[in-house]
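Quick notes on the structure that follows.
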Amino acid sequence: MIRVSHLTKKYGTSIAVDDISFEVPAGEIVGYLGPNGAGKSTTLKMLVGLVEPTAGDISVAGCDAATDLLELKKRVGYVTENAQLFESLTLAEHLQLMGRLYHVEESLIHKKILEFARLFDMAPNTKQKISSFSQGMRQKLLIMSALLHNPDVLLFDEPFTNLDVTTVTLMKTMLQRLAETGKTVLYCTHILEVAETLCPRIMIINKGKLIADASVEELQKMTSQTELAQIFAQLTDTASGIDQKTEDAVRIVMGGADA
Amino acid sequence: MLDKIAQIYGVDPAHFKQLLKLDKTVASRAKGDKNGSAIFSYGLVCCFHVILGLPVAFILLFRLLDAPVDGFDYAIIGLSYTMVMTAFLSYSRLEFILNPIDYLVLAHTPVSSRTFFLAKLTRLLASTAVMSSCLNLLPAITGYWTAERSPLFPVVYLGVSVIAGFFSVGVLTVITGYVTKLHTYEKLRSISKYSELAFPVLFPFVYLVVPRLLPELKIVSDKLIPFLTAFYLLPNSWFAGMVAFGLGDVHYRFLILTAVAILAMLLLVVGPLRSVAKGYSRFLTSLLESRKTQKPQLKLRASLVSRVFERRETRVGADLVFAYLRRDRRTQLRVFSAVGTPVIFLAILFQDNPVWDWIGKPFTIWLALGVSAIFFFGCSTMVSSFLGQIRYSDHWKAKWIFQCAPLTVPHALWRGTLATTLIYIVLPYTILLLTLATIFWRGLWGMFYLLPGLSALLVYAVCYPKPNSGLPLSEEFIQSGWNLEQLWLLIRFICTQLIFGVVLAIQFVMYKLGVGLYIGCYAFIVIGGILIFIHNFNKKQLGEVHV
């Protein structure tokens, strides 16, 4: 489970995450939504120990980030969008590296690499360098890396970007099954359709502040809207003036062409 | 004026200016990010090159004190050094042209490949001009004391050395460009890769070793005077002739040499360089091709080094570095082209007859100390080059993987790198020199000579400073300059050589005081060094940190 209390991150004078608190119990999938620059990725980075919080407490899978960061990292699987990789390694070498870093048994690493590669239709690519992979293949590799050590908590930051429909379907059902086995999933995304079907509970962050934390049904009642996209637009105030902005965009494009 | 030049070469002046501006901004921001100030970083680069010019300035000054030397002879020695060093130092910068990382960003824009090439070449020549000027500043000043005592000498010499630097870089670009063209052919790709690695080692041979052979040739050629003209076939003498001509010596010899230098420059620009530029678009296209090699069977192979270690972090470090050394062309270029430097110095050293005289003799204290010194200098240079470069990678942003991972001992990753260095640098070098030493001196004498150097080397390697991150391949390589950390590593390297010099001096004093004392001192150095190495290599550094 994840427990966050009064979490704050400041970069100089700007506040990326502003005093947020929430809890995600074991076996739950929670959608973490917000517009660009809202503070979603920063929150996840703090949860995984990549960024040090300015204030607040983090506890993941019973491990305190301030005192037991190492144990916390062992329990977390993290997937981020367009992550940089050591591109001269092959798929198998990368997974071997990850397995070793997360203390997976050597024989299990080999077994899991073969099985994951088959599962994600990448068996022919195991000896191929990452530099030749498409974005979708890289994303699959990142997902495999995050799952390799059987973590208790999964932190997914836009995990389905660039993935094909089959893989997205597989991932959705797999995450639901993993949640049933007691794994906690914090799912950060812009794709509201996926969040709507996958996550029974939604948290919305805007300008660093947590502005909503409820089930989809509760959010529908709260906003009198039926679709998550409308709920999101209303809560984050991103829908206002969209018609005018569209007109402006067309005018700018056409003016640019004249010039 | 820039517009006119650009138009002559058929490039788009607006694009050309934009690309130059972009390069400048990116370079200065990268330098600024590393050191806090771009101007400070440029200052460091200049200081470093001025320091590099110091040895040749000393050599030339000693030669002038020994006997009067005329401007032409002085310029030959100085320019030979300059051209070699310029070629060496420019080699990593050829990546501007031959491996432009920003091309992938600009590939879809309507910038012509010729414009792109000219912008990159301009930047390379600009940095060459600065580098050559700094490198030759001290030799130019000491050149005032040549036979002519011309106050014009520093100015003329400095000007010609910049032109000679351009020539070196031009030749280097052309040859490497032709070799790189082979990249479009799959089967020849690996050959071209190794040619590129071998090139920085071969290049100095042409300029440095061949002129050193010429005095030997001269004895023979006294009877065959025309044969001496072979000397003038080398570009360093063309530019030396230009210096003499610039100083006002209008002897026909210098006139011809100056004309040859100018002609060579022109031919280089309108011939091979233009040809490389014309084929540049095809080359750039090949950069965008994905190179897929399918090997369906999965067989994970751990490197030799990694199997030795139980700690997983060490194995990860060793395997990662090993994979990059095996596959990543940029890593290979940076690491191995730097490793080639001591090979050249050793080759030059063995050109001198006194060294061969030493080798022919049975045990003398000078031989024992000399072999230790050569071993230590050669291998410590390689170790420095290797460890100094392996911290950089184009994929340095992937270090987030280590930051996320539960590393119990983060520095164990660097220990894996160190182990790779010992296996791939120290071990082969030791075996090679031990074999040679055994052949020269029979039995165990060779080993006796080498052991103090090896022991000191192990201490040097294990105490080599870790990068700030403590991780291999996790720092950004700034193509266009030096940072404070690199300068610190250079100073540290020089100090280490001095310290080892003191160790040798102590051995010498002990030998003079008595053989027993010498043997005791010898044993202390060898055993002490090995113990320090073992202690430091196994030292535990526990505790989790935000790496």
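No lab work stands behind these numbers, since they all come straight from the coordinates. These figures come from a predicted structure and were not determined experimentally. Note that we place each Cβ from the backbone using ideal geometry, even for glycine, and neighbour counts take in every protein chain shown.
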Exercise. Which net charge results for the neighbourhood of B:P139, defined as the other residues with beta-carbon distances under 14 angstrom from its beta-carbon, given Lys and Arg at +1 and Asp and Glu at -1?
Worked result: 0
For this session: Let me know the mean shielding of A:129-136 by other chains, meaning the per-residue number of their Cβ atoms within 10 Å of its Cβ.
Result: 3
Exercise. Among A:M222, A:M144, A:M137, which comes first, second and so on when ranked by fewest other beta-carbon atoms within 10 Å?
Worked result: A:M222, A:M137, A:M144
For this session: Could you work out, residue by residue across A:114-127, how many beta carbons of other chains sit within 10 Å of that residue's beta carbon, and then give the average as an integer?
Result: 2
Seminar exercise, completed: Pseudo-spin-label distance B:I365 to A:T67, built 7 Å along Cα→Cβ, given in nm, is 6.4 nm
Exercise. Relative to the longest principal Cα axis of chain A, at what angle does helix A:135-147 sit, 0 to 90 degrees, rounded to 10?
Worked result: 60 degrees
Exercise. What ranking do B:513-521, A:15-23 get when scored by the average of other Cβ atoms within 10 Å per residue, highest first?
Worked result: A:15-23, B:513-521
Seminar exercise, completed: Which residues qualify? For A:K183, with a placed amide H closer than 5 Å and at least 5 residues away or on another chain, they are A:G27
For this session: Return one number: the angle in degrees, 0 to 90 and rounded to the nearest 10, between the long axis of the Cα atoms of helix A:106-119 and the longest principal axis of the Cα atoms of chain A.
Result: 50 degrees
For this session: Would you mind checking the tilt of helix A:165-180 against the longest principal axis of the Cα atoms of chain A, expressed as 0 to 90 degrees and rounded to 10?
Result: 80 degrees
Exercise. Which pairs in the list A:K73/A:K183; A:K45/A:K112; A:K74/A:K183; B:K21/B:K120 are over 19 Å apart, alpha-carbon to alpha-carbon?
Worked result: A:K45/A:K112
